[in-house]
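Below is one structure, written out as structure tokens, with a few remarks after it.
The values are calculated or read from the model by the stated rules, or taken from the named source; none is laboratory data. Please read all numbers here as calculations on a predicted model, not as lab measurements. Every residue, glycine among them, receives a Cβ derived from its backbone with ideal geometry; neighbour counts consider all protein chains shown.
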């Protein structure tokens, strides 16, 4: 069998970074460590009331160092010596301004505390107007650069965020030689390959978030970008033409970081990608699978053989050759809020706990009561009948990502009476998030993408049988739940095994390293029929 080889999957989420050390022979987890972003946890640089969410690059650097050192402290020297590669996934679109050396501006004197000089997190919605400006210009331009982005560009994406800061903060715009997605910057940082004009950029992030496509010769033209803002036209010359899939090597670990982490300089670092996309890889995504990453929001992904689909799916977050699996057309959709809908309701119900009982109960008692709210609501909601006259809610509390992005949309509940209870409201919120999922799946099917199976991963898929059963009833398809608790990090590890030369391609890595599935939720026929009618009411409510 030869010497066993190991890889590290580094998974940057919204709140923390996770390092996963994996045996490439079978995908077994050897060690795992998680580090919360310290500045982010303190609420620094964010203004939720303005939908401003920024992250300091030091949180990323410190978290990486802390987690990798932690997992290495748990293994022997033989395992350390046989770690061959690292691949990184991050949230996206999460771009940050950098100088000509590829250094984020927030690491430079004078910009350390400027939120605009930091990474603009995926869920930052400060660029609503800028997204409207991009869409308006694209529709009258000689080329519609949004055609492979579902026909609409989002405020959550690369150009909207850069345009917003260019208009708002002249000092940052002037200092920014280029901009980099988080999933591009981390591999460049670890390898020391930070030359803006030669570093390799992620196909995944560029295609889904920055309107990159081979048909356009790369990114939108300088003339188009300059028409939005002069600084964007200048920026275009400091970006890139080519992009790379995640099975490509970015470089080797720099001497400085190899020494600091205690790893060999021969460790290869792969091209980065967006976290949810590599989560789909970690679950074993294959042609015509719909993979749902279910957390605070959702990311829904499908891959199809490029030779089998030549159309355009309107209203999604892009279709990009090789963005998820090389030689496959990757398609992305998703909901701006899923678990966040339940968290919002939980926060409302916590009011009396925090405001009236804080001096009566201990911190442990308050936490126990708070943690028990959603499980108890799910238990009671599951006991309620499903009828055609039930409440209807819209899940757009954080706007609508897909289908047909409109982040100005709001949530709503229709049909409240004096007899409505807390479990009734929770039930309709769960149904609303499932209806939003059905709208996405239906859009794929309506436009020629056949869905053969649904796979779920992420916290909600593990924590709430009630949510998952409701989703299966509303989608009217079985839903398999991936066994791995770390699907995104495992997907990164699978690509690292390819980058490190253990496997020839990602298919072979998936076959050897997959963790399989825990459970399948099957539709309940009696509820399916009622939900079909409630779904029509959901659609009508959304159009009213």
Check your understanding: Quick check: anything in region 244-253 modelled with pLDDT of 95 or more, under 30 Å from residue 484 (Cα atoms), surrounded by fewer than 18 Cβ atoms within 10 Å (Cβ to Cβ) and touching a helix residue (DSSP H, G or I) at 6+ places or on another chain (Cβ under 6 Å)?
Key -> yes
Revision key, fill the gap. For region 485-496, the count of residues that are crowded, with 24+ Cβ neighbours inside 10 Å and either free of Cβ contacts under 8 Å to residues at least 40 places away in the same chain or over 22 Å from the mean Cα position of the chain (by Cα) (or both) equals 0
Exercise for review: Could you tell me which residue of region 26-42 is surrounded by the most Cβ atoms within 10 Å (Cβ to Cβ), considering only residues that are over 29 Å from residue 123 (Cβ atoms) and out of contact with any strand residue (DSSP E or B) (no Cβ under 9 Å at 6 or more places or on another chain)?
Suggested key: 27
Practice item. Output the number of residues of region 400-410 satisfying the condition of being assigned to a strand (DSSP E or B) and within 14 Å of residue 432 (Cβ to Cβ). Key: 1
Review point. Taking region 430-464, which residues are closer than 25 Å to residue 484 by Cβ, touching a helix residue (DSSP H, G or I) at 6+ places or on another chain (Cβ under 8 Å) and in a helix (DSSP H, G or I)?
Key: 430, 433, 434, 437, 441, 459, 460, 461
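For (1) over 24 Å from residue 278 (Cα atoms); (2) within 24 Å of the chain's Cα centre (by Cα); (3) surrounded by fewer than 19 Cβ atoms within 10 Å (Cβ to Cβ); (4) not assigned by TED's automatic domain parsing to the domain that holds residue 42, each residue gets a yes or a no:
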| site | (1), (2), (3), (4) |
| --- | --- |
| 101 | yes, no, yes, no |
| 106 | yes, yes, no, no |
| 109 | yes, no, yes, no |
| 122 | no, yes, no, no |
| 139 | yes, no, yes, no |
| 155 | no, yes, no, no |
Point to revise | Criterion (over 20 Å from residue 295 (Cβ atoms), in contact with a helix residue (DSSP H, G or I) (Cβ under 7 Å, 6 or more places away or on another chain) and modelled with pLDDT of 95 or more) met by exactly one of 81, 19, 33, 85 | key: 85
Exercise for review: Give me a count of the residues in region 124-137 that are more than 21 Å from residue 223 (Cα to Cα) and either outside the structural domain of residue 93 (by TED's automatic domain parsing) or assigned to a helix (DSSP H, G or I) (or both).
Suggested key: 1
Check your understanding: Conditions: (1) surrounded by 20 or more Cβ atoms within 10 Å (Cβ to Cβ); (2) part of a loop (DSSP other than H, G, I, E, B). Residue 278 meets all but one. Number of the miss?
Key -> (2)
